[in-house]
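Working notes, structure below.
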Amino acid sequence: MLDELLFKTRSYRTFDSTEISFEVLEKIVSATRLGGSARNSQTLRYTLVNSPSLCHKIFPHTAWAGAIPWSPTLEEGPKAYILISTLKDSPLSPITLGMDIGIASQNILLKATELGFGGCLIGSFNKMEVPQILDLDTEKYSPQILVALGKPTDKVILTEGTEGNLKYHRDLENNIHYVPKLPLKTLILKKF
């Protein structure tokens, strides 16, 4: 059951017109509370966006699929966002804080997938404009990751990759995103 959920939890970059309610977004964020947090500091905060007009304002300030010269259109864009921010006075080191952000981000994508949606983690967004659009108190919070969410229309296919050849690519005509993954034997260095 977990393997199936992990396999279906991909980075989706095109979405249909299905809206996502605040109730669903709250269920997705609730999954972050169940994950680990270094020193149990719980310094992450979330801004939920499902307003079509705000989604449209945020969209031009995002960058998608950095390894290929392609981006979704506004019409294919997300129907909701979750902005993950950190408290500026967090007691955690940047590395430890990054682990908390990673755990929360993965829990968000897993829960979204379980609920029939999909998403994409966006680190490449305008960290001055998006917080301004969302009226985020940047004296108190630092924006970290923008999670784009919606009902996916693209298909993601995993392929076997090799070290040095892990660049993903997209079949634009068929809306298929191919993602190479290293085989397990490459990942395991030693077995004792």
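The values are calculated or read from the model by the stated rules, or taken from the named source; none is laboratory data. These figures come from a predicted structure and were not determined experimentally. Quick reminder, even Gly has a Cβ in these numbers, built from the backbone with ideal geometry, and neighbours come from all protein chains shown.
Since ALA104 meets every condition but one in (1) among the aliphatic types (A, V, I, L, M); (2) in a loop (DSSP other than H, G, I, E, B); (3) within 21 Å of PRO131 (Cβ to Cβ), which condition does it not meet? Condition (2) is where ALA104 drops out. Are there any pairs with C-beta distances below 9 angstrom linking a residue in the range 119-131 that is free of Cβ contacts under 8 Å to residues at least 12 places away in the same chain to a residue that is assigned to a loop (DSSP other than H, G, I, E, B), with the two at least 6 apart or on different chains, and if so which? Close Cβ pairs satisfying both conditions: MET128/THR138.
Quick grid of which residues meet (1) outside the structural domain of ARG45 (by TED's automatic domain parsing); (2) within 21 Å of SER51 (Cα to Cα); (3) touching a strand residue (DSSP E or B) at 6+ places or on another chain (Cβ under 8 Å):
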{"position": "LYS111", "(1), (2), (3)": "no, yes, no"}
{"position": "VAL130", "(1), (2), (3)": "no, yes, yes"}
{"position": "GLU139", "(1), (2), (3)": "no, no, no"}
{"position": "GLN144", "(1), (2), (3)": "no, yes, yes"}
{"position": "GLU163", "(1), (2), (3)": "yes, no, no"}
{"position": "ARG170", "(1), (2), (3)": "yes, no, yes"}
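Consider the range 152-169 and keep the residues that are within 13 Å of ARG10 (Cβ to Cβ) and touching a His at 6+ places or on another chain (Cβ under 9 Å). The one that is surrounded by the fewest Cβ atoms within 10 Å (Cβ to Cβ) is ILE157. Looking across the range 124-172 at every residue that is out of contact with any Gly (no Cβ under 9 Å at 6 or more places or on another chain) and small (Gly, Ala, Ser), the one that is modelled with the lowest pLDDT is identified as GLY164. With respect to (1) farther than 20 Å from ARG13 by Cβ; (2) of a type in the set (Gly, Ala, Ser); (3) touching a residue at least 40 places away in the same chain (Cβ under 8 Å); (4) outside any strand (DSSP E or B), the lone exception for SER142 is condition (4).
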